[in-house]
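Remarks on the structure that follows.
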Amino acid sequence: MADLNSTKDRILDEALTLFSEKGYANVYVGEIAARVGIKAPSLYKHFRNKRAIFEGILAEMEKRFLEQAGMLNISGNDATADVARYEVMDEDTLLKLGTDLFLFFLHDDFQRRVRKMLTIEQFQDAELAAVYQDQYVDAPLNYQAMMFGMLSKAGILKADSEEEVSVMAMHFYAPIYLLLTVCDRDPYREIVSLKKLEAHIRQFNKLYGRTMR
């Protein structure tokens, strides 16, 4: 996080560690305050309740991703804004971008702990399961489907219908998320996973006829 000397940031960081280790439901505000080294009333000066802390964690996660996306010269969440860059991107550049994003999600400790927390909570809490669904399924698939739809209309990718574009998005995203979860469980498989990621992106381009204008 940007400044762990800030009490608010330390609350988010310690809460996320506890949520990812014990599960959201099993952590109490007093426990978070104790980990930060403050009393519960002091914590409430920054967050009104545990749910507000959780929402602050999600906001920080999004902020970190958007900062990383900006460093890679994409918006990361607006396909309309990003499509112009993808239209002129050759395969090697696309591969580097995909690899950089993969490594960010894999090694950014904040992202990793959020992923662990939501993976646990999807089986415990229906509301947090919906957050997991949006964060790791719906949002990335919607972004990529919109992107691939525009690239198909531009003649860069081959798809004859919205349904084909939707399937194309699943073909692209699902293996990448699978490799990410493999590395979460077994970090020693990172090198092999990166090789599979490269093979996946190159085969995707071959299958869907990616061409330059």
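The table below lists the values:
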quantity	calculated
Estimated 222 nm signal from helices in the chain, with DSSP H stretches of n ≥ 4 weighted -39500 (n - 2.57), rounded to 500	-23500 deg cm²/dmol
Stretchable slack from Asp78 to Asn49, in nm (0.36 nm times residue separation minus alpha-carbon distance)	7.3 nm
Within the range 60-163, GluC sites (Glu not before Pro) in DSSP loop having at most 11 other beta-carbon neighbours inside 10 Å	none
Between the range 182-211 and the range 73-137, the alpha-carbon center distance in angstrom	15 Å
√(5λ) per eigenvalue of the Cα gyration tensor, the range 1-54, largest first, Å	15, 13, 10
Simple label model, 7 Å out from Cα along Cβ direction - Lys206 to Thr93, nm	2.3 nm
In sequence order, calculated HN-Hα J values of the range 170-183 (Karplus, 6.51, -1.76, 1.60; Hz; x Gly/Pro)	5, 4, 7, 7, 4, x, 5, 5, 4, 5, 4, 5, 4, 6
Backbone HN-Hα couplings from phi across the range 187-202 [Karplus 6.51/-1.76/1.60, Hz, Gly and Pro as x]	x, 5, 8, 4, 4, 4, 5, 5, 5, 5, 4, 4, 4, 5, 5, 5
Two-decimal Rg to Rh for the range 1-93 - Kirkwood Rh, Cα set	1.17
Neighbour cut-off at most 11 other Cβ (10 Å), DSSP loop, chymotrypsin sites (Phe, Trp or Tyr not before Pro), the range 112-213	Phe123
Volume of the Cα convex hull of the range 61-213, divided per residue and given in Å³	109 Å³
Distance violations [Cα-Cα > 31 Å] among Lys96/Lys116; Lys50/Lys96; Lys63/Lys206; Lys50/Lys195; Lys8/Lys195	Lys50/Lys96; Lys63/Lys206; Lys50/Lys195; Lys8/Lys195
3J(HN,Hα) from dihedral phi, the range 74-91, Karplus parametrisation 6.51/-1.76/1.60, rounded to Hz, x for glycine, proline	9, 7, x, 9, 10, 4, 4, 6, 8, 4, 4, 5, 5, 4, 10, 8, 7, 5
Length gained when the stretch Gln135-Arg85 is fully extended (0.36 nm per residue, less Cα-Cα span)	15.6 nm
Over the range 158-213 - Rg/Rh using Cα atoms and the Kirkwood inverse-distance radius	1.08
Rg/Rh (Cα only; Kirkwood hydrodynamic radius) as it applies to the range 128-175	1.05
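FYI, it's all coordinate maths here, none of it is from the lab. Not measured: the values here are computed from a predicted model. Note that we place each Cβ from the backbone using ideal geometry, even for glycine, and neighbour counts take in every protein chain shown.
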